[in-house]
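Some notes on the structure that comes next.
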Amino acid sequence: MDAVTRLGRFIWRMIRLNIASFDPLRRRQVRVAAKRLIPAKAWATENATADEIARVALLRVMFLQRETRRAARHAEGEAAAMLARASMEAAISGLFCTHVPGAEKLFEGELARRAKKLLGGLAEGADMTGMFDQAFAQIGAGKLPTVTGMVDQIKANGGSAGIDSLHANFYDQVSTLYIHGGPLGLIRHVHPKTEATRDRPYSAWSVRSAVHISDAMVGMLAATIAGEDHPDVTLFREYETAHFQVTWTPLAFIARGLLATRIDRRYVPDMIRLVRRLSVKAKTGEPFSEADAEEVIVKLNLVTGLKPDDQTYAPFADAFRSKLLAPPPNDAVPPSAPPS
């Protein structure tokens, strides 16, 4: 591949990754308005308020938004996903401060706990562990909950709309697939069909979605900090909604990729004919038979390349079979049946 072709592909990839999130004027407007919410000085002493900490979190989210976009411009999908995940965590910390009473004390205690852990090796090597323990005990004894615990407390205190979806559909999924070294992160280096390994992992999330979620975090946290009476709250909410609406979850992105990878196109025409035939049955009110259900399962196995004896998929096949054979709702009478 010559240099011109490589350059052309790189330029096209940059355009394709960024075109859906190309809104520089509105983004600048939102960033300028959000910047006005951040004080010149904050969190300099142990007397920091929860509101000040939340505004520092907003500053962090705005920085991560810019870094996520920079990674996207350079087609660094792995980095973009990790940065977007960091922006979600920072936003959740900010929301925790705005909704949960006493959050500032927990942050003070967490600061002492983390600093003590950071300097633990130095203290142990210098035989000064006792002195460090006494010093950090003066800062605070609180401890922040996990991100999941933060989300639970935010909801318990009437927290932000959509926080459940943000946590379950984005934060947890990105953490599992990109941050943690568990099986779902490692298996991205293995082809799902050929089982061949590769140096660069398969993408489990679109770069555009990473950019959109980092943009949405700025709007979400800024709107919460500003409050409903602030003149810019509508701008923040609209910006948040606009980017959330076009964001794929990692699970949806993976499902789309697996379908494209695993589908055996030889059996697609047979599957289409079967669906059409069953659609005619459904329209006439004729119930599906067990033979119909089994034919659907067999065709799905062929199209997707699944093994019929694989016990992993057996519960899903049974559930699908039961749903297909269930009677129509409200005991509807087929149109061809004579009136009673």
Between the modelled labels at Thr49 and Asp152 (7 Å from Cα along Cα→Cβ) the distance in nm is 3.0 nm
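Grab the beta carbon distance between Thr284 and Ser322, set R0 = 25 Å, and tell me the FRET efficiency rounded to 0.05.
Values: r = 22 Å, r/R0 = 0.88.
Taking R0 as 25 Å, the efficiency between Thr284 and Ser322 is 0.70.
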Neighbouring Cβ atoms within 10 Å as the yardstick, rank Asp215, Asp229, Asp292 fewest first.
Asp229, Asp292, Asp215
Using θ = phi - 60° and the Karplus curve 6.51 cos²θ - 1.76 cosθ + 1.60, what whole-Hz ³J(HN,Hα) does each residue of segment 205-217 get, with Gly and Pro shown as x?
7, 7, 5, 4, 5, 4, 5, 4, 5, 5, 5, 4, 5
Nearby lysines by direct alpha-carbon distance to Lys281 (threshold 16 angstrom, same-chain neighbours under 8 apart not counted)
Lys323
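A 30 angstrom limit on the alpha carbon distance is what I want to check against. Which of Lys41/Lys117; Lys283/Lys307; Lys35/Lys155 exceed it? Write down the numbers at each step before the final one.
On the way: Lys41/Lys117 27 Å; Lys283/Lys307 32 Å; Lys35/Lys155 27 Å.
Exceeds cut-off: Lys283/Lys307.
Determine, for Tyr239, Tyr171, Tyr267, the number of other Cβ atoms within 10 Å of each Cβ, and report the residues in order from fewest to most. Display every interim value, and only then the final one.
Values: Tyr239 26, Tyr171 22, Tyr267 17.
Ranking Tyr239, Tyr171, Tyr267 by Cβ neighbours within 10 Å, fewest first, gives Tyr267, Tyr171, Tyr239.
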Any chance you could get the radius of gyration and Dmax over the Cα atoms of segment 263-329, in Å?
12.5, 35
Rounded FRET efficiency, nearest 0.05, which uses the C-beta distance separating Leu259 from Asp164 and R0 of 25 Å
0.40
If you bin the C-alpha pair distances of segment 189-247 every 10 Å from 0, what whole percents do you get?
23, 31, 19, 15, 10, 3
Fewest-first ranking of Val233, Val268, using other Cβ atoms within 10 Å as the exposure measure
Val268, Val233
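Give, as a single signed number, the net charge of other residues whose beta carbon lies under 11 Å from the beta carbon of Arg26, with Lys and Arg counted +1 and Asp and Glu -1. Display every interim value, and only then the final one.
Values: positive: Arg27, Arg28, Arg31; negative: Asp23, Asp215, Glu238.
Every neighbour counted, the sum reads 0.
Taken together, the values in this text are just the output of simple stated rules run on the coordinates, not laboratory data. All of these numbers come straight from a predicted model, not from anything done at the bench. Every residue, glycine among them, receives a Cβ derived from its backbone with ideal geometry; neighbour counts consider all protein chains shown.
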